[in-house]
Amino acid sequence: MVRHARARLIAAIAFVLTLATPLAAETPAKEYFGAERRGSPHKPAVFGEYARGCVAGAVALPETGPNWQAMRLSRNRNWGHPDTVDFVKRLSAYAATQPGWEGLYVGDMSQPRGGPMLSGHRSHQSGLDVDIWMRPATRLDLSRGAREALSSTSVRRAKGAFVNGGWSRAHHNILKRAASDPAVARIFVFPGAKVQMCRDATGDRRWLRKIRPWWGHHYHFHVRLNCPDGARACVEQAPPPPGDGCADAEAWVEQILNPPPPDPDAPPPQPRRELVLADLPRQCSQILSR
């Protein structure tokens, strides 16, 4: 907690110093967005892409609700477009109907004005992403300190090829409900979970198309919403391929269990360049000035 507080103080001081001069073109955009503590005083609007954008008029998910608690409050990442907050409320109400779940523990959403984060995610920039913990929310009276100390639980086995004993029918049902929500574009979860859901699914399987295998995502699943209606400056991600995606998930699992040998001639990975304000839509600089 001390480390987080120090990082926030340094970011805030850096931001105050920039107020006397124009925003520096070479300064990483995360320094500006990470220093913002509140949403901008604008009508809600999304600008740019999920991993290269920002959000105006974002609202905070209340720290505690009837069926949820926002976790890791020191990060100040419980912000999003109003559509995202409404989605969390809908899904948490459904989660509370599942055996052993009082609701949801909600992880990172976005920063108050979106944009690149000081640490962690590449996405979560447009206020339309939210991480939901795999750990069942068994109590909703956790203190701020408890929310910093408590960790989610992993439900993967064999590096993500299978689910472990922590996986339950409730996980399946909550993910299905999320994927069936018209506001949802896709959901990222580790490959073994997608394979298990494919094997357990009955009846209409169209919702499975939105469940996409991805590395990690075994302590939480990542929900990405569609661009809001009328959001002309918001850039949608390409839709998932046709079909239920189950064969694709099986291929991911095969690669985990039988990985190809490393390529000795492969070039070393290059460090990713930090985004600057010029990389983002022009509106992103404007919402920083208010």
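Things worth noting here:
- Verdict on Tyr32 being buried (at least 18 other Cβ atoms within 10 Å of the Cβ), more than 20 Å from Phe188 (Cα to Cα) and of a type in the set (Phe, Trp, Tyr): yes
- Within the range 67-87, tally of residues that are assigned to a helix (DSSP H, G or I) and either among the polar types (S, T, N, Q) or crowded, with 18+ Cβ neighbours inside 10 Å (or both): 6
- When Ala137 is tested against the conditions (1) small (Gly, Ala, Ser); (2) touching an Asp or Glu at 6+ places or on another chain (Cβ under 9 Å); (3) surrounded by fewer than 21 Cβ atoms within 10 Å (Cβ to Cβ); (4) in a loop (DSSP other than H, G, I, E, B), the lone failure is (3).
- Being more than 23 Å from the chain's Cα centre (by Cα) and of a type outside the set (A, V, I, L, M, F, W, C) is not true of Pro281.
- Options Pro242, Pro264, Pro260: the member that is in contact (Cβ under 8 Å) with a residue 24 or more places away in the chain and either part of a loop (DSSP other than H, G, I, E, B) or surrounded by 11 or more Cβ atoms within 10 Å (Cβ to Cβ) (or both): Pro242
Yes/no per residue for (1) over 22 Å from Arg186 (Cα atoms); (2) touching a Phe, Trp or Tyr at 6+ places or on another chain (Cβ under 8 Å):
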{"residue": "Ser40", "(1), (2)": "yes, no"}
{"residue": "Gly57", "(1), (2)": "yes, no"}
{"residue": "Asn78", "(1), (2)": "no, no"}
{"residue": "Leu91", "(1), (2)": "no, no"}
{"residue": "Ala95", "(1), (2)": "no, yes"}
{"residue": "Val106", "(1), (2)": "no, yes"}
{"residue": "Met109", "(1), (2)": "no, yes"}
{"residue": "Gly115", "(1), (2)": "no, yes"}
{"residue": "Val130", "(1), (2)": "no, yes"}
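- Test: residue in the range 197-214 that is among the basic types (Lys, Arg), touching a Leu at 6+ places or on another chain (Cβ under 7 Å), surrounded by 17 or more Cβ atoms within 10 Å (Cβ to Cβ) and in a helix (DSSP H, G or I): no
- First in the range 140-162 and surrounded by fewer than 17 Cβ atoms within 10 Å (Cβ to Cβ), second anywhere and of a type in the set (Asp, Glu) and assigned to a helix (DSSP H, G or I), Cβ under 8 Å, 6 or more apart: none
- Subset of the range 257-290 that is of a type in the set (D, E, K, R) and touching a strand residue (DSSP E or B) at 6+ places or on another chain (Cβ under 8 Å) - its residue that is modelled with the lowest pLDDT: Glu274
- Per-region count, the range 33-66, residues under 23 Å from Ser143 (Cβ atoms) and assigned to a strand (DSSP E or B): 3
- Looking only at the range 7-32, and only at residues there that are part of a loop (DSSP other than H, G, I, E, B) and more than 20 Å from Pro281 (Cβ to Cβ), the one that is modelled with the highest pLDDT: Thr21
- Test result for Glu236, free of Cβ contacts under 8 Å to residues at least 60 places away in the same chain and among the acidic types (Asp, Glu): yes
- Annotation for the range 111-118: no member residue is part of a helix (DSSP H, G or I), charged (D, E, K, R), at pLDDT 95 or above and at negative phi.
- Residue check for Gly160: out of contact with any Gly (no Cβ under 7 Å at 6 or more places or on another chain) and either over 12 Å from Ala70 (Cα atoms) or among the β-branched types (Val, Ile, Thr) (or both): no
- Residues being of a type in the set (A, V, I, L, M, F, W, C) and either modelled with pLDDT under 95 or assigned to a loop (DSSP other than H, G, I, E, B) (or both) - total across the range 155-187: 4
- Residues satisfying the stated conditions in the range 104-125, i.e. in contact with a strand residue (DSSP E or B) (Cβ under 6 Å, 6 or more places away or on another chain), among the small types (Gly, Ala, Ser) and either crowded, with 24+ Cβ neighbours inside 10 Å or over 16 Å from Phe221 (Cα atoms) (or both): Ser110, Gly114, Gly115
The values are calculated or read from the model by the stated rules, or taken from the named source; none is laboratory data. Everything numeric here is computed off the predicted structure, so don't read it as measured data. All Cβ positions, glycine included, derive from the backbone under ideal geometry; neighbour counts span all protein chains shown.
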